[in-house]
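The next block holds one structure in the form of structure tokens; read it before the comments.
The values are calculated or read from the model by the stated rules, or taken from the named source; none is laboratory data. Every value quoted in this text rests on a predicted model; they were computed, and no experiment measured them. Positions of Cβ are generated from backbone atoms using ideal geometry, with glycine treated the same way; all protein chains shown enter the neighbour counts. Surface accessibility is based on the protein's heavy atoms, side chains included, excluding ligands, DNA and RNA. Shrake-Rupley method; radii C 1.70, N 1.55, O 1.52, S 1.80 Å.
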Amino acid sequence: MLTQAQKESTEQTKAAQQERALSRLIETIRQTLDMDMIFRATAQAVRQILRCDRVVVYRLLPQGKGKFLFESVAPNCPQFLNLTDPNTWFYLHLQESQGNINQIYHQQTVDDIYKSPLSDSHRVLIDEFMIRSYMITPVFLWETQWGMIAAYQHNFPRAWRHREVSIL
């Protein structure tokens, strides 16, 4: 069994690794103007930093619509981008959780869909994709909400730590 000092040392090591990975991501972003490369690198790096099953970048469009731009998925997880209409799925997911897709101004975290006050229809929708836990963060371009980035955990609940929420 780990002592408190060993646990703290492990957490400090993990935090340092996350900081280095985040610094590498920021450097990659600074070196390119290619938005596809930026989004792809962001989704992949954030998934690795958080050690979660999936990270998606979602762009809001006019009239309450939206579009998946990129996702990074762990092996053996279904890909949202391969769905017949993943944008409709994500739109419904967000609409169920917030009421208005264009007003997701605050981060949402759900540690366990079965212990969260979600509607039954929302829980069924999320469960279809084997999602057990998630967090969604709005992305702003100046004062306008541009889109969202979301992290998902499949198969088991996850208590998102404050540091993970901050990273996202």
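Quick notes
- The C-beta contact set for the range 20-45 (first residue open to solvent by less than 70 Å² (accessible area, probe 1.4 Å), second residue of a type outside the set (A, V, I, L, M, F, W, C) and modelled with pLDDT under 80, distance under 9 angstrom, 6+ apart or interchain) comprises Ile38/Thr28; Ile38/Thr32; Ala41/Thr28; Ala41/Thr32; Thr42/Thr28; Ala45/Arg24; Ala45/Thr28.
- Long-range neighbours under 9 Å by Cβ, at least six apart or interchain, first residue within 16 Å of Leu61 (Cβ to Cβ) within the range 141-157, second outside any strand (DSSP E or B) and open to solvent by 90 Å² or more (accessible area, probe 1.4 Å): Gln145/Gln103; Gln145/Tyr105
- Cβ pairs under 7 Å, 6+ apart, first in the range 110-127 and within 18 Å of Arg158 (Cβ to Cβ), second exposed (fewer than 11 other Cβ atoms within 10 Å of the Cβ): Asp111/Ala159
- The set of residues from the range 114-160 being in a loop (DSSP other than H, G, I, E, B), under 17 Å from the mean Cα position of the chain (by Cα) and modelled with pLDDT of 90 or more comprises Phe156, Pro157, Arg158, Ala159, Trp160.
- Scanning the range 20-61 for residues that are in a helix (DSSP H, G or I), of a type outside the set (Gly, Ala, Ser) and modelled with pLDDT of 70 or more yields a count of 15.
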